[in-house]
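The values are calculated or read from the model by the stated rules, or taken from the named source; none is laboratory data. All values derive from a computational prediction rather than experimental measurement. Glycine also receives a Cβ, built like all others from the backbone with ideal geometry; neighbour counts cover every protein chain displayed. Just so you know, the surface numbers come from the protein's heavy atoms only, side chains and all, with ligands and any DNA or RNA stripped out. Shrake-Rupley method; radii C 1.70, N 1.55, O 1.52, S 1.80 Å.
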Amino acid sequence: MVKIPQLKDEYVKDINIILNNSLASVDPFLCVSKYIEFEGNKLKIAKTIIDLTEIENIYIIGIGKASIAMAKAVVSKFGEKISGGLLISKIQGGVIEEFKENKLEVHIGSHPIPDRRSQECALRLVEFVKKINPNDLIITLISGGGSALMTLPYEGISLNKLQELTDILL
């Protein structure tokens, strides 16, 4: 049996700092919010600057397991400027109510194996983007899991076959 000497307090502090910084560096909310800024009628996302004077509506489309947290970051920066949006995720209850005031629809797909809900999510997204106009801005948030949460198999491929293939690949 190997004995590990008790860690010194200074090491524990350093370990906590490293862990906290590591977690913050991959937090979806923090990762998105640090790259969004407003300067008058200009929106700056990372190094891209968008003039908002010609923009009629701003929509959020989010797909993936982290899309809820990423959308929260966008909403925290944009507030009432958001015209609406659609999020597809795998979430727990309670989050849907939070987005109603920002006119964001939240749809729940299945992960890691797509199911009927995942197909419904994909069809809803297709319908949603049909209403978007050329002068609208779409902020698209994509994270892992999207191919299962939102799936629309090619014609001739059944959902059952896609589920079998996904199961094999896992």
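Once both labels are positioned 7 Å from their Cα atoms along Cα-to-Cβ, the gap between LYS81 and ASN135 label points is 1.7 nm. Charge tally for ILE139 (other residues, Cβ to Cβ under 13 Å; Lys, Arg +1; Asp, Glu -1): +3.
Considering only PHE128, ILE15, THR151, the residue lying farthest towards the positive end of the dipole of the chain is ILE15, judged by Cα position with unit charges set on Cβ.
Region 58-158 has equivalent-ellipsoid semi-axes of 23, 16, 10 Å, by the square roots of 5 times the alpha carbon gyration tensor eigenvalues, sorted largest first.
For the residues ASN41, ASN135, ASN16, a GNM of the chain with alpha-carbon springs under 10 Å puts the largest fluctuation on ASN16. Within the full protein context, the accessible area of PHE38 is estimated at about 60 Å² for a probe radius of 1.4 Å. Placing one equal scatterer on every Cα of region 96-138 and applying the Debye formula, the log10 ratio I(q)/I(0) at q = 0.20, 0.22, 0.24 Å⁻¹ is -0.79, -0.88, -0.94. Can you pull the percent of region 94-170's accessible area that's carbon plus sulfur, 1.4 Å probe, other chains left in place? Whole-percent figure for carbon plus sulfur exposure: 56.
Restricting the calculation to Cα atoms, the chain yields a radius of gyration followed by a Dmax of 20.3, 70 Å. Of the residues ILE60, ILE88, ILE49, the one that moves most in a GNM of the chain with alpha-carbon contacts below 10 Å is ILE49. Taking a Cβ cut-off of under 13 Å around LEU159, the surrounding Lys, Arg, Asp and Glu residues balance to a net charge of -2, with basic ones at +1 and acidic ones at -1. Inter-label distance, TYR11 to LYS103: 5.7 nm, where each label sits 7 Å from its Cα along the C-beta direction. Exceeding 26 Å between C-alpha atoms, which entries from my cross-link table qualify? They are LYS47/LYS103; LYS34/LYS90; LYS72/LYS161; LYS34/LYS131. From the list (LYS47/LYS103; LYS34/LYS90; LYS72/LYS161; LYS34/LYS131), the Cα-Cα distance tops 26 Å for LYS47/LYS103; LYS72/LYS161; LYS34/LYS131.
A 1.4 Å probe run over the protein chains yields, for the chain, 66 Å² of accessible area per residue, whole-number rounding.
Rolling a 1.4 Å probe over the protein chains gives LYS90 an accessible area of about 110 Å².
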